[in-house]
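Take a look at the structure set out below.
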Amino acid sequence: MPEKPKILIVDDELIMRDSLTAWLEEDNFEPITAESGMQAVELLEKSKPDVILLDIKMPGMDGITLLKKIKEKYEDIPVIMITAYATVDSAVESMKQGAYDYIMKPFPPEKISYLLRRIVDHQRLIKENIRFKKERKTFLHIAIGVVVNIIILLVIFYFILK
Amino acid sequence: MGVVETIKDKCKRCYSCVRNCPAKAIKIREGQAYVIDERCIGCGNCVKICSQNAKKIESGIENTYKLLNSGQKVFAVLAPSFPASFNEFKPRQIVTALKKLGFEQVIEVAFGADMISKEYSKLFKQNNMWVIISSPCPAIVNFIEKYHPSLIPFLAPIVSPMMAIGRIIKYKYAPDANVVFIGPCIAKKKEKVDPKLQGIIDEVLTFQEIKEMFKEQNINPLELDETDFDGPHPNIGRIFPVSGGLLKTAAIESDILENDIIVTEGKDRTLEIINGTEEGKVEAKFLDILFCEGCINGPVMDNDLSVFIRKDIISNYVRSESEILDKDKYIADIEEYSSVDLRRAFTIENIELPKPTKEEIEEILKKVNKLKKEDELNCGSCGYNTCREKAVAVYQGLAEIEMCLPYLIDQLQKMNRELIQAQQRIVMAARLSSMGEIAAGVAHEINNPLSGVLTYLKLMEKKFSETSIESLNIPNLLKYVKTMESETARCSEIVKNLLEFARPTEAERELTSLEDIIRKTLLLVKHQIQLQGIEIIEEYQPYLPKITADAKQIQQVFLNLFINSAQAMSNGGKLFIKVKTDNNKHIITEVTDTGCGIPKENINKVFDPFFTTKLDKKGTGLGLSVVYSIIQRHNGNIEVTSKVGEGTTFTIKFPINDTKEN
């Protein structure tokens, strides 16, 4: 069984963290939570999640600021922005800062699962692609090595037989 | 410069001068009254009437000094009204004072009056054909020349006493002398420069001006010896400045039964008689008209004495002087100067302004909303007798359209209404914008719990459909349900608070004890607050009066305040509740906590809807705004003082129920 994708939920609302955690666990994800931007930054230093769900409106460090920080350090982690109160401005700003997608509360949890699944699959494809490219390169190296070795052996034999 | 000018910005647009100017010589421009010199007759009404002292008279002081310093002979000729102005001095002290100023001789104008009265007497006896209008008053002469030229032939062709004495000096007595007239009259300043009489009088000073010069030169006539007058001494001519003085001097007998001699004075009667004469309605042989009530009441007489006292002073002076008069010398003087020409001519000074047509007048009237005859109130507040007169003045550029008081009041009311409407629109806009804010806040506050509830529901749905009943984790599911319950309650709380804020309906009010409400409210939250490690200290002044209030709403106020305070003291503290009264006018409640306090930049926002620092995640930001609106609706007020780190005090004042309401 493949490893469960790790999802970081950053939201100051306890109900959001709890309900999403319950839902995502049920849906075969591995949710971890942070109730503030600061906590999220600390968590990120310890382990890298596959996807981050990020609330825009939070006391202290707000979602957009945190998004910028994340994108500076972990460019390849996809971030989905969540807000209970959407404005066009905040949506545009999020996308500009490199958010993967944008979703508005209240949302049916399936939508989150579907989005996460898609991202995770996408990420996996990318990873596999990279691995495949790497493998192909290794095979070529071996093949060339073998051929070169045979040629060297042939040359040696030739000299011996002479 | 004209003889009379307005001091800029002193004019307060009362239009008194417009109203009192017989010549309509006042022009209003941008609310300031200007005297049109060509139209001015110099009567001085505007100077007398102006309560703001905004009218100034052309000064002769500088020129007099110039003459006095020129090395030439300068004679002062003193108008016969002078004793009424210099009432605190002896007449001959004035002579000394004037000589101290540098005048070589001081001569009484009254001798000129004596001379011309002989001419009047002659004219009166000779003429039986038409009415004679006396001409010593320059304001009257100017008025007729400018505005009633048809009466010019009836003006007595005799100079004024001032001109008479001037000519006596210039033609015979001392032709090389400069003559400075000193009197109570503004029109004399105009007479001086009349082209037909020019060169006789070199300067005209008012009594005020000569007193100013005395002051400047530190001359106090009281301290001076008496010096006799120079030149020919007058006799009965000294009575000239008193109304009817001309008749007396000229020995023209006025018979009350025969209406052939009319003596009149003052602006209104003057206008009446002049108009009447022009229209042929006055049947008299002789009209003695003076714009003022005699020269003793001239526009620049500078003391507060009544006309009667002034008249008395003059009569006394005439009497006492006639006792010491050298009769032979007087007769000889009259004889000596009888050769001096005392005749004069008059000219038409046509200064007629363009006359508007009836349509043009109506066009102007329309601009101040006078559309029908009834709209013409003729209230006179603009300074003109009728709305039409004013419209003519507007046409002629003398008056401004906006000078109409009823129109201005209308405009003001209209503007006031517009302002009120604008204000209402602003209030409405503010309300709408706060509704927008509320909507956004509510969306945020409600979407969070809603989202959670939705997630749990979906999760349970999934579990129910995918898992067999036996293997369901019941405690877990129960936890979900509990959370959903509390989150739903939270939503309903938000909505309730929102409604409380939004509903502006009149509260159900009755006499209520504030103390009871506070105690009841505390019961609700005491347990919770004390669990937080907060000590509650209550202090009630005994026998507090009741207030008229909606108990439920007031309870909401204190509930919100207490919760607020408790939230500010997450690490425990003290909650002080103090209720007292100030002289039984208000009940004052102070709710003080020892919590985190409110930073200065936020203190003005605490009552704004949805303002929350969100330190406590359950804050909707509606609590204090609801408190505020409830207190406002109870005609009370709430104030907040706070210090970060020390705590916050909310002070609430409710008016104590006044008996009027019951």
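The values are calculated or read from the model by the stated rules, or taken from the named source; none is laboratory data. Not measured: the values here are computed from a predicted model. Don't worry about glycine lacking a Cβ; one is built from the backbone with ideal geometry, like all the others, and counts go over all protein chains shown.
Would you say B:K248 is at pLDDT 90 or above and surrounded by fewer than 19 Cβ atoms within 10 Å (Cβ to Cβ)?
no
Which one of B:V109, B:V18 is in contact with a strand residue (DSSP E or B) (Cβ under 7 Å, 6 or more places away or on another chain), under 18 Å from B:G183 (Cβ atoms) and in contact (Cβ under 8 Å) with a residue 24 or more places away in the chain?
Going through B:V109, B:V18 in turn, the sole match is B:V109.
Looking only at residues in region B:635-652 that are within 40 Å of the chain's Cα centre (by Cα) and either surrounded by 20 or more Cβ atoms within 10 Å (Cβ to Cβ) or β-branched (V, I, T) (or both), which one is farthest from B:D582 (Cα to Cα)?
The selected residue is B:I638.
It is to be established whether one or more residues within region B:210-223 are more than 41 Å from the chain's Cα centre (by Cα), within 22 Å of B:S85 (Cα to Cα) and acidic (D, E).
Yes: one or more hits.
So if I check each of A:I126, A:I144, A:I156, A:I152, which one is surrounded by 10 or more Cβ atoms within 10 Å (Cβ to Cβ) and within 28 Å of the chain's Cα centre (by Cα)?
None of the other options fit; the residue is A:I126.
Yes/no per residue for (1) in contact (Cβ under 8 Å) with a residue 60 or more places away in the chain; (2) farther than 24 Å from B:S339 by Cβ:
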site	(1), (2)
B:P136	yes, no
B:Y147	yes, yes
B:S150	yes, yes
B:P153	no, yes
B:I158	yes, no
B:A174	yes, no
B:A177	yes, no
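Mind counting the residues in region B:283-309 that are of a type in the set (A, V, I, L, M, F, W, C) and over 30 Å from the mean Cα position of the chain (by Cα)?
Looking only at that region, the number is 10.
Can you find even one residue in region A:40-48 that is surrounded by fewer than 23 Cβ atoms within 10 Å (Cβ to Cβ) and within 14 Å of another protein chain (Cβ to nearest Cβ)?
Among the residues of region A:40-48, not one is surrounded by fewer than 23 Cβ atoms within 10 Å (Cβ to Cβ) and within 14 Å of another protein chain (Cβ to nearest Cβ), which makes the answer no.
Just for region A:70-90: of the residues that are out of contact with any Leu (no Cβ under 9 Å at 6 or more places or on another chain) and surrounded by fewer than 17 Cβ atoms within 10 Å (Cβ to Cβ), which one is nearest to the other protein chains (Cβ to nearest Cβ)?
Here the residue is A:T87.
Yes or no, residue by residue, for (1) more than 14 Å from chain B (Cβ to nearest Cβ); (2) more than 21 Å from A:L20 (Cβ to Cβ); (3) not polar (S, T, N, Q):
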| position | (1), (2), (3) |
| --- | --- |
| A:V51 | yes, no, yes |
| A:D55 | no, no, yes |
| A:E110 | no, no, yes |
| A:R124 | yes, yes, yes |
| A:I144 | yes, yes, yes |
| A:F157 | yes, yes, yes |
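Assess whether B:D194 counts as being of a type in the set (D, E), over 23 Å from B:Y330 (Cα atoms) and out of contact with any strand residue (DSSP E or B) (no Cβ under 9 Å at 6 or more places or on another chain).
Taking the combined requirement at face value, the residue satisfies it.
Quick check: is even one residue across region B:327-334 assigned to a loop (DSSP other than H, G, I, E, B), more than 41 Å from the chain's Cα centre (by Cα), at pLDDT 90 or above and surrounded by 17 or more Cβ atoms within 10 Å (Cβ to Cβ)?
Taking every residue of region B:327-334 in turn, none turns out to be assigned to a loop (DSSP other than H, G, I, E, B), more than 41 Å from the chain's Cα centre (by Cα), at pLDDT 90 or above and surrounded by 17 or more Cβ atoms within 10 Å (Cβ to Cβ).
Could you list, in sequence order, the residues of region B:76-106 that are acidic (D, E) and touching a Lys or Arg at 6+ places or on another chain (Cβ under 6 Å)?
The one that is acidic (D, E) and touching a Lys or Arg at 6+ places or on another chain (Cβ under 6 Å): B:E104.
If you go through region B:506-517 one residue at a time, do you hit one that is away from chain A (no Cβ under 13 Å), at pLDDT below 70, under 23 Å from B:I554 (Cα atoms) and surrounded by fewer than 13 Cβ atoms within 10 Å (Cβ to Cβ)?
The answer is yes; a qualifying residue exists.
One line per residue, one yes/no per condition, for (1) in a helix (DSSP H, G or I); (2) touching a strand residue (DSSP E or B) at 6+ places or on another chain (Cβ under 9 Å); (3) not aromatic (F, W, Y):
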site: B:E374; (1), (2), (3): yes, no, yes
site: B:L377; (1), (2), (3): no, no, yes
site: B:R388; (1), (2), (3): yes, no, yes
site: B:A393; (1), (2), (3): yes, yes, yes
site: B:L398; (1), (2), (3): no, yes, yes
site: B:P406; (1), (2), (3): yes, no, yes
site: B:D410; (1), (2), (3): yes, no, yes
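If the Cβ limit is 6 Å and pairs must be 6+ apart or interchain, which residue in region A:10-28 that is at the interface with chain B (Cβ under 7 Å from one of its Cβ atoms) pairs with which residue that is outside any helix (DSSP H, G or I) and among the hydrophobic types (A, V, I, L, M, F, W, C)?
Within 6 Å, the pairs are A:D12/A:M58; A:L20/A:I9.
Every residue in region B:597-619 that is within 14 Å of another protein chain (Cβ to nearest Cβ), at pLDDT 80 or above and in a loop (DSSP other than H, G, I, E, B), please.
Matches in region B:597-619: none.
Please state which of the following conditions B:E58 fails to meet, knowing it meets all the rest: (1) under 22 Å from B:E265 (Cβ atoms); (2) touching a residue at least 60 places away in the same chain (Cβ under 8 Å); (3) in contact with a helix residue (DSSP H, G or I) (Cβ under 7 Å, 6 or more places away or on another chain).
The one condition B:E58 does not meet is (1).
Keeping to region A:5-63, report how many residues are in a helix (DSSP H, G or I), under 24 Å from A:M95 (Cα atoms) and touching a strand residue (DSSP E or B) at 6+ places or on another chain (Cβ under 6 Å).
5
Which numbered condition in (1) within 11 Å of chain B (Cβ to nearest Cβ); (2) hydrophobic (A, V, I, L, M, F, W, C); (3) farther than 16 Å from B:N447 by Cα; (4) free of Cβ contacts under 8 Å to residues at least 24 places away in the same chain is the only one that A:M104 fails?
(3)
How about region B:452-491: which of its residues are of a type in the set (S, T, Y) and either crowded, with 17+ Cβ neighbours inside 10 Å or at pLDDT 85 or above (or both)?
Once the filter is applied, which keeps residues that are of a type in the set (S, T, Y) and either crowded, with 17+ Cβ neighbours inside 10 Å or at pLDDT 85 or above (or both), region B:452-491 yields B:T455, B:Y456, B:S465, B:Y480, B:T483, B:S486, B:T488.
Which count do you get for residues in region B:121-139 that are surrounded by fewer than 24 Cβ atoms within 10 Å (Cβ to Cβ) and in a helix (DSSP H, G or I)?
6
Suppose we filter region A:1-48 for residues that are closer than 18 Å to B:N447 by Cα, of a type in the set (S, T, N, Q) and over 19 Å from the mean Cα position of the chain (by Cα); how many remain?
1
Which numbered condition in (1) closer than 25 Å to B:K462 by Cα; (2) assigned to a helix (DSSP H, G or I); (3) within 14 Å of chain B (Cβ to nearest Cβ); (4) touching a strand residue (DSSP E or B) at 6+ places or on another chain (Cβ under 7 Å) is the only one that A:I119 fails?
Going through the list (1) closer than 25 Å to B:K462 by Cα; (2) assigned to a helix (DSSP H, G or I); (3) within 14 Å of chain B (Cβ to nearest Cβ); (4) touching a strand residue (DSSP E or B) at 6+ places or on another chain (Cβ under 7 Å), A:I119 breaks only (3).
Take the residues in region B:292-311 that are out of contact with any helix residue (DSSP H, G or I) (no Cβ under 7 Å at 6 or more places or on another chain) and surrounded by fewer than 15 Cβ atoms within 10 Å (Cβ to Cβ); name whichever of them is modelled with the lowest pLDDT.
The extreme case among them is B:D304.
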